[in-house]
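The values are calculated or read from the model by the stated rules, or taken from the named source; none is laboratory data. Just so it is clear, the structure is predicted and the values come from calculations on it, not from any experiment. Cβ placement follows ideal geometry from the backbone for every residue including glycine, while neighbour counts extend to all protein chains displayed. The area values use the complete protein model at the heavy-atom level, side chains included, leaving out ligands, DNA and RNA. Shrake-Rupley method; radii C 1.70, N 1.55, O 1.52, S 1.80 Å.
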Amino acid sequence: MMLKIAVQKSGRLYDYSIHLLKECGIDINNGNRQLKAVAFNFPVEIYFLRDDDIPQYVFDNVADVGFVGENVVYEKNKDIEVVSKLGFGHCRLSIAVPKNMNYQSIADLEDLKIATSYTRLLQNFLVNQKVNAEIHEISGSVEIAPGIGLAHAICDLVSSGSTLFTNGLKEVEVILNSEAVLVANKNLSQENKKILANLMMRIDAVKTAKNNKYILLNAPDNKLDVICSLIPGMKSPTILPLGIEGWSSLHSVVHEDDFWNIIEGLKENGAQGILVAPIEKMVL
Ligand code: PRT
Ligand code: ZN
């Protein structure tokens with residue numbers, strides 16, 4: 001039995017998807033970019049597909065699970081399960097207008113023509129916001145629509161914002177924040193559920209590790225209590241006496257979000273020789 005995983009064949013999510021599988025210890029040989037590839041060391045088979053097709057294929061059980069952007073999942077609106085965020089492919093679906101337009105609020109979209117390939121998500125947004133605007137569906141190069149007189153505004157994916165900028169547009173409303181997610185068919189076999197649970201354990205270990213840092217430092221013994229309270233670690237920090245009287249070595253794990261605050265606190269309390277290292281895997 002193999003779990004069939006759909007990933008994007010080429011495009012922005014391809015490298016991240018393969019890299020995540022590799023970090024999970026799953027090696028695949030896709031040297032000549034076939035339609036599918038089998039992993040050497042884990043019971044999965046990888047299908048390479050266009051991202052737009054992944055929700056349908058997962059729904060139809062051609063693939064059991066897939067890695068795909070939330071923007072595609074919610075636009076396609078198939079009855080599949082969103083199991084977990086994957087931590088890559090971050091972007092937002094936004095409405096943008098010409099930069100010289102005097103835009104004050106959503107009400108300014110009233111009666112405008114908005115070009116997009118995300119008709120469902122845009123429609124939902126406009127209905128929720130009680131705005132009447134015309135949706136003009138186009139499949140590519142949405143950002144040029146206002147410049148060639150095809151629409152007044154656009155609704156498209158944005159990451160750095162440079163595409164909007166170079167096309168004389170400004171982002172005015174974010175309608176969805178998106179990242180890649182793992183989606184699954186709702187009727188997986190017991191065996192495939194097991195494989196998926198194992199895969200999720202590995203993905204979580206990789207994700208948790210990315211958000212945490214290993215920290216090693218020297219601390220004066222008379223400040224150990226306060227320093228320990230700053231770096232609580234998984235259970236408690238590991239404390240080892242140093243060769244020098246009155247000093248100990250501590251190691252622990254800190255979350256990236258708290259990292260700089262913690263370092264400041266450690267220095268204020270006399271910690272020295274602070275080493276910080278990335279963590280590769282973290283199983284809680
Ligand atoms: O061939 P296939 O259909 O599989 O690929 P595709 O061309 O439809 O998709 P692709 O590879 O462009 O994107 C795949 C997924 O990556 C998307 O569905 C999103 O989930 C995610 N993603 C993340 C993005 C972006 N960031 C992004 N910036 N997808 C597209 N863009 C485009 C956007 O459409 C715009 O043209 O990049 C431009 C804007 O980028 P900035 O940096 O200039 O703002
Ligand atoms: Zn696509």
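General remarks:
- Viscosity 0.890 mPa s, temperature 25 °C, Stokes-Einstein D of the stretch 73-205 from Kirkwood C-alpha radius, µm²/s: 148
- Which listed pairs, of K22/K193; K85/K213; K4/K207; K85/K267, have C-alpha distances above 30 Å, in listed order: K85/K267
- Sequence-distant residues sharing a close amide H with L13 (under 5 Å, placed H): none
- The residues of the stretch 164-215 present an accessible area of 49 Å² per residue when probed at 1.4 Å with all protein chains retained.
- Solvent-accessible area, 1.4 Å probe, carbon plus sulfur percent, for the stretch 13-85: 46
- Taking 0.36 nm per residue of separation and subtracting the Cα-Cα distance, full extension of the segment from F165 to K113 would add 16.7 nm.
- Each stretch of four or more DSSP H residues adds -39500 (n - 2.57); spread over every residue of the chain, this sum gives -7500 deg cm²/dmol at 222 nm.
- Using R0 = 45 Å, the C-beta based FRET efficiency linking N30 and V127 works out to 0.60.
- Nearest-ten-degree value, helix 190-210 long axis tilted from longest Cα axis of the chain: 70
- For the chain, the dipole from Cβ point charges (+1 on Lys and Arg, -1 on Asp and Glu) about the Cα centre works out to 580 debye, to the nearest 20.
- In plain terms, the chain from Q56 to I274 could stretch by 73.4 nm, reckoned as 0.36 nm per residue minus the Cα-Cα distance.
- For the chain, the longest principal axis of the alpha carbon atoms and the long axis of helix 119-128 meet at an angle near 90°.
- Extending 7 Å from Cα along the Cβ direction at V283 and again at N198 yields two label points whose distance is 1.2 nm.
- Computed log₁₀ I(q)/I(0) - Debye formula, equal Cα scatterers, no solvent, the stretch 149-284, q 0.12, 0.13 Å⁻¹: -0.73, -0.78
- Inter-probe distance in nm under a simple model that places probes 7 Å from Cα toward Cβ, at S249 and I135: 6.1
- With Cα atoms, 0 to 90° folded angle of helix 14-23 axis to the chain main axis: 30
- Normalised alpha carbon radius of gyration of the chain [divisor 2.2 N^0.38 Å]: 1.30
- Net charge, I26 excluded, C-beta distance under 12 Å - Lys, Arg +1, Asp, Glu -1: -1
- Listed residue (N77, A205, I227) projecting farthest to the positive dipole end of the chain, Cβ model: A205
- Rg and Dmax, both from the Cα atoms of the stretch 73-129 and both in Å, are 14.6, 42.
- DSSP finds beta bridges in the chain, and of those with both partners inside it, around 75 percent are antiparallel.
- Modelled spin-label separation between N211 and N102, with each label point placed 7 Å from Cα along the Cα-to-Cβ direction: 4.5 nm.
- Cross-link table K78/K194; K9/K113; K36/K281; K76/K170; K186/K281; K186/K210, entries beyond 31 Å C-alpha to C-alpha: K9/K113
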